[in-house]
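Okay, structure first, notes after.
Each reported figure results from applying straightforward, stated rules to the coordinates on display, with no laboratory input. Since this is a predicted model, take the numbers as computed values, not measurements. Positions of Cβ are generated from backbone atoms using ideal geometry, with glycine treated the same way; all protein chains shown enter the neighbour counts.
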Amino acid sequence: MQDIATHTQLSALIRHRRSIKPVDMDGMRLVGRELLTQILEDATWAPTHGLTEPWKFIVHQGAARRRLAETMQQVYRETTPANEFREDKMKKMGENPLLSPVVIACVMERRGGAKIPEVEEIEAVACALQNLQLSATAAGLGCYWSSPPLLGTREFAEWLQIGAEDRCVGLIYLGWPRVGLNWPRSVRQPVETKTQWRDD
Ligand SMILES: Cc1cc2nc3c(=O)[nH]c(=O)nc-3n(C[C@H](O)[C@H](O)[C@H](O)COP(=O)(O)O)c2cc1C
């Protein structure tokens with residue numbers, strides 16, 4: 001138990017995590033399998049109602065990233081109404097997976113049956129993905145959660161080979177921050193504006 005981070009350290013880690021875009025990652029520097037496995041294992045220690053553990057991680061590296069990029073472009077082209085189609089989005093879908101050494105398709109695998117509502121299994125996966133991002137941040141990696149609408153299409157689900165009730169909730173891009181990157185800043189509203197105290 002001595003290795004457990006202090007509250008101060010954990011709080012600092014949570015606040016340090018930022019979304020690091022693939023363009024700000026070093027696409028040539030690989031992430032070792034052992035580290036990736038540890039990060040994914042940390043993800044699985046998320047709370048899960050009924051211990052259904054509804055997460056599945058489909059990890060794309062090397063040439064698999066190109067197949068992912070090509071599939072996203074194809075599904076985007078096929079499923080986007082003409083008046084919503086954007087050439088810049090299409091281009092990014094082709095580029096992003098190649099800028100980052102690891103792209104994880106994060107899936108909610110429906111396991112709860114009638115007992116656990118779908119939303120709770122999605123929530124459990126979201127908890128897992130925050131664990132994943134914090135673990136990656138602690139290791140010095142950058143990470144970025146992307147959720148283009150095409151993730152919800154039947155075509156993309158079929159390509160991932162996930163079940164009809166399963167749902168890809170996001171792509172997590174992981175990679176070492178590029179040399180010289182200025183760590184992004186972000187802001188949050190004061191917590192008082194989000195809190196209502198009921199003490200009496
Ligand atoms: C469920 C979820 C989906 C997200 N999808 C996208 C996305 O599609 N594109 C994007 O640029 N950022 C996406 N983000 C990341 C947010 O834009 C980011 O967390 C927010 O801007 C705050 O920045 P920070 O992560 O650096 O604190 C997503 C975050 C969550 C939690």
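A few comments on the model shown:
- Coil-residue chymotrypsin sites (Phe, Trp or Tyr not before Pro) of the stretch 152-200, DSSP, other Cβ within 10 Å capped at 16: 197
- Calculated FRET efficiency for the pair residue 155/residue 115, C-beta based, R₀ 22 Å, to 0.05: 0.10
- Using θ = phi - 60° and Karplus 6.51 cos²θ - 1.76 cosθ + 1.60, couplings along the stretch 76-85 (whole Hz; Gly, Pro as x): 4, 4, 6, 10, 8, x, 3, 6, 9, 5
- Trypsin sites (Lys or Arg not before Pro) within the stretch 84-160: DSSP coil, no more than 16 neighbouring Cβ in 10 Å: 86, 115
- Flagged links, alpha-carbon separation over 30 Å, of 56/91; 56/194; 89/115; 89/194; 56/115; 92/194: 56/194; 89/115; 89/194; 92/194
- Loop-resident sites, the stretch 1-95, for GluC sites (Glu not before Pro), counting at most 12 other Cβ within 10 Å (DSSP): 84
- Gyration tensor (alpha-carbon) shape descriptor, the stretch 19-178, a/c threshold 1.5: oblate
- Two-site FRET efficiency, residue 84 against residue 185, from Cβ-Cβ distance with R₀ of 35 Å, rounded to 0.05: 0.65
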